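Reviewing the structure listed below.
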Amino acid sequence: MTELVVEAKDITKMYQMGEIEVHALRGLSVNIKKGEILSIMGPSGSGKSTLMNILGCLDRPTSGEYHLNGESVATLNDDQLAEIRNRGVGFVFQSFNLLPRATALANVELPMRYAVLNGRNRKQVALEALAAVGLEDRVHHRPNELSGGQMQRVAIARALVNNPAIIMADEPTGNLDSKSGDEIMTLLKNLNKERGTTLIIVTHDPEIAGLTNRVISIRDGLIAE
């Protein structure tokens, strides 16, 4: 039987904006298998960013059940969510989110500073992650010395270091030219193939979505198809 890494059932999310209740998610359910590459699409305001935040343990649902790697996370407090997030989720953002004054190596080591790893082990794991994304010759470069594609590779290496259950990639090619974007998607697919990493990609781009195993479209807080 294929192992499920994400099991989300009847997820709702409601925000209070003054006197107005905004229902971002309205009882959405989704299961994602280990090793799958899934894309989430939908217009602005559809609820896809809210869903990403909940699946990535950045936020809690108002109601519903969510299991990540078999662990129930829907009702955890902020500290418990932070621990699960650091252990179980890697993030890749459109804007890279790198520390500007830190080297590629230091940026990749960052998530491990919260884990119980000594400095020597951290450095070794970070070097291996940078080699996995083809940047072994750029470890001491700072973000302003790297191209957009190279910065995104650093971000992917950073997402890999704690061996997360899932990698959440939010518009990972959005700030890149088409050639660099293609290279990043090839890299993500190769990492999925080699490591079995589960990838969840939020995108507006039908071409990017077409490269994934499965597409879910969200509209008005529900899966449309």
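A few notes on this one:
- When each of the peptides 78-84, 120-126 is scored by the mean number of other C-beta atoms lying within 10 Å of its residues, the order from highest to lowest reads 120-126, 78-84.
- Summary value for segment 1-144: 20 percent relative contact order, contacts being C-alpha pairs under 8 angstrom separated by 6+ residues.
- In the structure shown, the pairs K123/K193; K48/K189; K13/K193; K9/K123; K33/K179; K13/K33 are assessed against 28 Å; a Cα-Cα span above that value is assigned to K13/K193; K9/K123; K33/K179.
- Kirkwood Rh, Cα atoms: Rg over Rh of segment 35-144: 1.02
- Net charge dipole size for segment 4-223 [Lys, Arg +1 and Asp, Glu -1 on Cβ; Debye, nearest 20]: 540
- Each of the peptides 165-177, 52-64, 9-21 was scored by the mean count of other Cβ atoms within 10 Å over its residues; in descending order, highest first, they stand as 165-177, 52-64, 9-21.
- Debye-sum result for the chain in log10 I(q)/I(0), which assumes one identical scatterer on each alpha carbon, at q = 0.12, 0.15, 0.16 Å⁻¹: -0.65, -1.00, -1.12
- Alpha carbon centroid spacing (whole Å) that separates segment 174-195 from segment 40-106: 21
- Estimated from helices alone, the mean residue ellipticity of the chain at 222 nm is -10000 deg cm²/dmol (sum of -39500 (n - 2.57) over DSSP H runs with n ≥ 4, per residue).
None of the figures in this text is laboratory data; all of them are computed from the coordinates on show. Just so it is clear, the structure is predicted and the values come from calculations on it, not from any experiment. With ideal geometry, Cβ positions are generated from the backbone for all residues, glycine too; neighbour counts draw on all protein chains shown.
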